[in-house]
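Asks: Below are the structure tokens for one structure; questions will follow.
The values are calculated or read from the model by the stated rules, or taken from the named source; none is laboratory data. Only a predicted model underlies this, so the values are computations on that prediction, with no experimental measurement involved. Positions of Cβ are generated from backbone atoms using ideal geometry, with glycine treated the same way; all protein chains shown enter the neighbour counts.
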């Protein structure tokens, strides 16, 4: 069994002439790679994030890697004003929106007896309420156009139990349920809503917020003996955003190699 990640795939024009907004795209995680995959698949892209410096660095890096500089918009998804402003900026920059990738989320580790109301609420506000706010802001535009695709970032923890993750798992389970319900509403207007559920995608920030030894334990559960590369999760996001997934809505697609 090879534990070597596959090479980064070449673009196949899956999103040719599409416009895409990706939340929480700064840094080295799934959002950044979703933005890169979208550009490499022919889309015009806007990225948003809470961190101004990291957002600018992400735009610089994407321009270096792809030759196309994405638009940027500062956005804290817990702020309705920020959400509306970022969507307005995307519409002004791109003209319209074909795809929204809701990547913003907040994790952490804590046993229920130790979690404060603030810790619990913050994780749910970013991860679940942020997905709701962004979707609510974008959906009327897509519905008016009669087309569009929204891809949410959930987690296998929405299905599976793990100690210290009650707040995060509850939020991600909420994202799954939200995806299924809003998909039925949006389908009437030609808009698709799906989600991915990664198991373990390794990036720099994850290692900083995870207790010692836990990542090694989680990696050992993966059938391939390694964590996913963030771009491997982004690959599935791009598929769901593309016309290849034209008959899929309300689905939550695992991106996981965990043992059955």
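Asks: Taking the residues in segment 107-127 that are modelled with pLDDT of 95 or more and within 20 Å of residue 29 (Cβ to Cβ) as candidates, determine which candidate is nearest to the chain's Cα centre (by Cα). Give the steps one after another, and end with the answer.
Replies: Here is the first cut: in segment 107-127, the ones modelled with pLDDT of 95 or more are 110-127.
If we keep only those that are within 20 Å of residue 29 (Cβ to Cβ) as well, we get 122-127.
Numbers: 122: 18, 123: 15, 124: 15, 125: 15, 126: 12, 127: 10 Å.
The extreme case among them is 127.
Asks: Quick test of your reading of the structure: residue 7 fulfils all but one of (1) surrounded by fewer than 14 Cβ atoms within 10 Å (Cβ to Cβ); (2) within 19 Å of residue 238 (Cβ to Cβ); (3) in contact with a strand residue (DSSP E or B) (Cβ under 8 Å, 6 or more places away or on another chain). Name the failing condition by number.
Replies: (3)
Asks: Output the residues belonging to segment 215-257 that are over 22 Å from residue 177 (Cα atoms) and touching a helix residue (DSSP H, G or I) at 6+ places or on another chain (Cβ under 6 Å).
Replies: 227, 230, 231
Asks: If you don't mind, another one. So which residues in segment 66-87 are part of a loop (DSSP other than H, G, I, E, B), over 16 Å from the mean Cα position of the chain (by Cα) and over 17 Å from residue 22 (Cβ atoms)?
Replies: Listed by number, the residues that qualify are 67, 79.
Asks: Taking residue 130 as the residue in question, decide whether it is touching a residue at least 24 places away in the same chain (Cβ under 8 Å) and over 15 Å from the mean Cα position of the chain (by Cα).
Replies: On the way: touching a residue at least 24 places away in the same chain (Cβ under 8 Å): yes; over 15 Å from the mean Cα position of the chain (by Cα): no.
Taking the combined requirement at face value, the residue does not satisfy it.
Asks: Please specify each residue of segment 24-42 satisfying the condition of being assigned to a loop (DSSP other than H, G, I, E, B), at pLDDT 95 or above and out of contact with any strand residue (DSSP E or B) (no Cβ under 8 Å at 6 or more places or on another chain).
Replies: Listed by number, the residues that qualify are 41, 42.
Asks: Determine whether residue 45 is surrounded by 15 or more Cβ atoms within 10 Å (Cβ to Cβ), assigned to a strand (DSSP E or B), touching a strand residue (DSSP E or B) at 6+ places or on another chain (Cβ under 9 Å) and at pLDDT 95 or above.
Replies: Considered against the rule, which asks whether it is surrounded by 15 or more Cβ atoms within 10 Å (Cβ to Cβ), assigned to a strand (DSSP E or B), touching a strand residue (DSSP E or B) at 6+ places or on another chain (Cβ under 9 Å) and at pLDDT 95 or above, residue 45 comes out as yes.
Asks: May I ask you to list the residues in segment 93-126 that are touching a strand residue (DSSP E or B) at 6+ places or on another chain (Cβ under 9 Å) and within 23 Å of residue 233 (Cβ to Cβ)? Outline the logic, then answer.
Replies: Going residue by residue through segment 93-126, those that are touching a strand residue (DSSP E or B) at 6+ places or on another chain (Cβ under 9 Å) are 93-105.
Matches in segment 93-126: 97, 98, 99, 100, 101, 102, 103, 104, 105.
Asks: Restricting attention to segment 77-93, which residues are within 10 Å of residue 133 (Cβ to Cβ) and surrounded by fewer than 17 Cβ atoms within 10 Å (Cβ to Cβ)?
Replies: 79, 80, 84
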